[in-house]
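The values are calculated or read from the model by the stated rules, or taken from the named source; none is laboratory data. On a predicted model such as this, the values are computed, not experimentally measured, just so you know. Note: ideal-geometry Cβ built from the backbone for every residue, glycine included; neighbour counts use all protein chains shown.
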2 protein chains.
Amino acid sequence: MARTEIASLGEFGLIKRLTEKFPIVNNTTLKAVGDDAAVLDYKDKQCLVTTDLLLEGIHFDLIYMPLKHLGYKSAIVNFSDIYAMNGFPKQITVSLGVSKRFSVEDLEDFYAGLRLACEEHGVDLVGGDTSASVTGLTISITCLGEGEAKNIVYRNTAKENDLICVSGNLGAAYMGLQLLEREKSVFANESNAQPDFSGKEYILQRQLRPEARKDIVKQLQDKAILPTAMIDISDGLSSELMHICTLSKCGCRIYEDKIPIDFQTASMAEEFNMNLVTAALNGGEDYELLFTIPLALHDKLIDIDDVTVIGHICKESMGLCLVTRDEQEFPLKAQGWNSLSTES
Amino acid sequence: MARTEIASLGEFGLIKRLTEKFPIVNNTTLKAVGDDAAVLDYKDKQCLVTTDLLLEGIHFDLIYMPLKHLGYKSAIVNFSDIYAMNGFPKQITVSLGVSKRFSVEDLEDFYAGLRLACEEHGVDLVGGDTSASVTGLTISITCLGEGEAKNIVYRNTAKENDLICVSGNLGAAYMGLQLLEREKSVFANESNAQPDFSGKEYILQRQLRPEARKDIVKQLQDKAILPTAMIDISDGLSSELMHICTLSKCGCRIYEDKIPIDFQTASMAEEFNMNLVTAALNGGEDYELLFTIPLALHDKLIDIDDVTVIGHICKESMGLCLVTRDEQEFPLKAQGWNSLSTES
């Protein structure tokens with residue numbers, strides 16, 4: 001396979017090669033790549049801004065993460081933050097630090113994944129910065145999105161008696177990661193070993209190629225359901241629930257038997273002899289939406305695909321608890337991914 | 001001196017500690033740090049977006065760059081891009097990847113520099129991402145700014161006969177870097193050696209604590225001078241002139257004897273036996289503004305402090321040349337910093 005050295009193109013040649021295939025699809029994007037700054041015009045809409053830093057060896061492992069998937073996922077995790085405000089992503093800037101190990105073709109793979117995510121979500125690439133790095137791959141993405149003032153949903157506005165809802169299912173990406181890590185260590189010991197992933201495609205996809213829930217935000221707006229509070233689940237359900245409850249000065253009850261879990265997640269947890277509910281509560285990278293709605297809107301929820309009511313908001317003094325199948329209450333703990341305190 | 005381990009605070013504790021001292025000064029900032037995304041409202045103004053990635057070992061050397069200065073400079077280089085659009089910076093997001101080598105106090109130093117830059121330029125910190133890193137320090141900053149549609153200045157709109165203007169003076173930051181690199185190697189050989197920087201404070205300051213030219217943009221707007229094209233000088237005058245001329249499909253003549261150079265820059269170049277004009281044309285990190293104005297506005301320029309006319313725009317077929325003191329013409333070459341092709 002061809003390997004073009006990045007140095008042979010130079011910074012501007014590289015940027016041109018990587019970005020020229022990106023169309024501009026939003027009328028809010030007046031000027032994209034190619035000047036000191038991009039120029040956007042949101043007119044009467046409000047502008048949402050979020051940013052994520054992804055570092056090799058911390059957030060991803062290129063042993064099992066193909067660069068195209070990494071490009072896709074890097075964009076998706078940012079889009080997810082915009083959807084969590086009940087807005088729509090419109091522009092991204094992408095900065096890369098790349099060591100000599102990477103060829104132009106490698107970066108083209110990354111950008112192909114990025115482009116796919118942008119196409120699916122109607123997002124324009126409007127800028128970035130590309131630099132050499134002494135070690136590994138550094139990815140920094142900032143995403144801008146739009147929302148109408150009356151529709152933007154914050155974390156600190158959940159109310160007592162609101163229903164707690166979650167999209168999709170939880171813990172799958174975490175179990176996918178466990179599987180990949182196991183196969184990696186098997187592979188390290190026996191180089192002839194071929195991983196067998198059959199029947200585990202879904203949890204792998206959730207880890208390697210997660211989706212951002214544009215469909216949920218669109219359905220909520222179509223059905224005129226305005227959540228009272230919303231957040232995306234990147235650090236685990238427990239951790240995100242604590243954010244909403246702490247900021248909204250309230251407590252919550254969620255029910256073990258309501259937590260949506262896919263069959264492959266459950267079967268993988270059994271194979272690993274792991275507690276399934278713990279994985280669903282604390283496994284990271286679900287990128288599902290967690291939101292609260294007034295009790296009065298309960299009937300309207302029937303029209304929304306792929307959303308589950310898992311509990312309700314209560315008084316702050318009642319604390320945050322998981323109610324088990326045998327009706328015992330256990331306080332929720334945030335054991336989510338904390339890359340800073342677990343750094344090695 | 002106290003050393004608090006980052007892990008002892010955790011991600012959210014760290015973010016709180018670093019960001020709680022930042023006031024919000026812009027009425028366009030509706031929601032800053034603390035949700036999935038920041039919320040901005042630019043109303044009838046247009047939104048400018050720029051981003052820079054700064055990597056340890058490539059863009060900065062902590063041997064001679066204090067973290068407070070690095071925080072200041074990291075913000076300034078982004079503000080400079082917004083000024084180069086004839087706009088004003090209003091918000092930044094700051095993402096950091098930090099290895100265990102750094103303490104909370106180190107990061108507080110970095111944020112103190114960042115805060116100083118934000119205060120001086122009226123900019124709000126609205127978000128970011130803080131992560132562990134396996135190696136060194138990674139800084140990614142995105143800056144948003146505002147401009148009125150009729151005032152935003154691009155790179156591709158210079159016209160034949162326009163005057164070419166530059167703010168401040170050139171080559172000083174580059175000579176400051178040469179001095180620091182020399183003292184670093186002296187210090188590596190003799191650990192008792194103390195660098196003597198007296199009489200060289202200005203070039204050191206230009207390297208370690210550069211300024212972004214808000215004052216020039218303000219003066220131009222106050223005097224109703226709208227540049228036809230503008231760019232900031234980060235990769236050297238030659239390289240930036242080539243951007244403007246290539247994108248505007250024109251040529252230029254600049255005059256050696258007009259290029260503004262500070263005395264300390266000249267004396268340092270002599271000490272190093274380096275060609276002074278080459279340093280001024282190709283030395284990076286000036287963060288001065290390079291802009292073009294219609295010839296008819298020449299008389300108005302007298303009212304603008306610290307701007308020099310260095311040449312004029314001509315037909316594309318005439319190429320880009322430097323005219324020397326003895327009236328010879330030499331084609332300009334972009335030898336600017338190209339971190340990708342010189343990576344080691």
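Some notes on this structure:
Here's the yes/no breakdown for (1) closer than 18 Å to A:V49 by Cα; (2) in contact with a helix residue (DSSP H, G or I) (Cβ under 8 Å, 6 or more places away or on another chain); (3) buried (at least 24 other Cβ atoms within 10 Å of the Cβ):
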{"site": "B:L125", "(1), (2), (3)": "yes, yes, yes"}
{"site": "B:T130", "(1), (2), (3)": "yes, yes, no"}
{"site": "B:T135", "(1), (2), (3)": "no, no, no"}
{"site": "B:S140", "(1), (2), (3)": "yes, no, yes"}
{"site": "B:E146", "(1), (2), (3)": "yes, no, no"}
{"site": "B:K150", "(1), (2), (3)": "no, no, no"}
{"site": "B:N156", "(1), (2), (3)": "no, yes, no"}
{"site": "B:L163", "(1), (2), (3)": "no, yes, no"}
{"site": "B:L170", "(1), (2), (3)": "no, yes, yes"}
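- Taken over the stretch B:14-31, the criterion of being assigned to a loop (DSSP other than H, G, I, E, B) and at the interface with chain A (Cβ under 10 Å from one of its Cβ atoms) is satisfied by B:T28 alone.
- Filter result for the condition that a residue is of a type outside the set (D, E, K, R) and either over 24 Å from A:L289 (Cα atoms) or assigned by TED's automatic domain parsing to the domain that holds A:L241 (or both), over A:A158, A:A132, A:A75, A:A117: A:A132
- Hey, A:E11 more than 8 Å from every other protein chain (Cβ to nearest Cβ), over 24 Å from the mean Cα position of the chain (by Cα) and at pLDDT below 90 or not: no
- Residues of the stretch A:157-191 satisfying the condition of being in contact with an Asp or Glu (Cβ under 8 Å, 6 or more places away or on another chain) and over 26 Å from A:R209 (Cα atoms): none
- The criterion of being in the same structural domain as B:M318 (by TED's automatic domain parsing), part of a loop (DSSP other than H, G, I, E, B) and buried (at least 16 other Cβ atoms within 10 Å of the Cβ) does not hold for B:A224.
- Whether a residue is in contact with a Gly (Cβ under 7 Å, 6 or more places away or on another chain) and farther than 16 Å from A:S80 by Cα was assessed, and A:I164 passes this test.
- Among the candidates B:I302, B:I313, the residue that is outside any strand (DSSP E or B) and assigned by TED's automatic domain parsing to the domain that holds B:G284 is uniquely B:I302.
- Applying the condition of being of a type in the set (A, V, I, L, M) and touching a helix residue (DSSP H, G or I) at 6+ places or on another chain (Cβ under 9 Å) to the stretch B:242-269 and asking which residue is nearest to B:K315 (Cα to Cα) yields B:I254.
- The residues on offer are A:N189, A:N275, and the sole one that is outside the structural domain of A:I63 (by TED's automatic domain parsing), free of Cβ contacts under 8 Å to residues at least 40 places away in the same chain and touching a helix residue (DSSP H, G or I) at 6+ places or on another chain (Cβ under 9 Å) is A:N275.
- Qualifying residue in the stretch A:54-65 (condition: free of Cβ contacts under 8 Å to residues at least 40 places away in the same chain, surrounded by fewer than 22 Cβ atoms within 10 Å (Cβ to Cβ) and of a type in the set (S, T, Y)): no
- Taken together, the residues in the stretch B:265-285 that are of a type outside the set (G, A, S) and outside any helix (DSSP H, G or I) amount to 4.
- Look at (1) among the charged types (D, E, K, R); (2) within 17 Å of the chain's Cα centre (by Cα); (3) within 23 Å of B:I139 (Cβ to Cβ) and you find that A:D35 fails only one, number (2).
- Once the stretch B:307-344 is narrowed to residues that are within 14 Å of another protein chain (Cβ to nearest Cβ) and closer than 17 Å to B:G251 by Cα, the residue that is modelled with the lowest pLDDT is B:A334.
- Every condition in (1) over 17 Å from B:K73 (Cβ atoms); (2) touching a residue at least 24 places away in the same chain (Cβ under 8 Å) is met by B:A173 except one, and the failing one is (1).
- Per-region count, the stretch B:32-41, residues buried (at least 22 other Cβ atoms within 10 Å of the Cβ) and either more than 11 Å from chain A (Cβ to nearest Cβ) or touching a residue at least 60 places away in the same chain (Cβ under 8 Å) (or both): 3
- For the condition surrounded by fewer than 24 Cβ atoms within 10 Å (Cβ to Cβ), touching a Ser or Thr at 6+ places or on another chain (Cβ under 9 Å), more than 7 Å from every other protein chain (Cβ to nearest Cβ) and charged (D, E, K, R), A:K45 qualifies.
- Filter result (surrounded by 14 or more Cβ atoms within 10 Å (Cβ to Cβ) and aliphatic (A, V, I, L, M)) within the stretch B:296-330: B:L297, B:L301, B:I304, B:V307, B:V309, B:I310, B:I313, B:M318, B:L320, B:L322, B:V323
- Only a single item in (1) within 14 Å of chain A (Cβ to nearest Cβ); (2) among the aliphatic types (A, V, I, L, M); (3) not in a strand (DSSP E or B) is not met by B:L170, and it is number (1).
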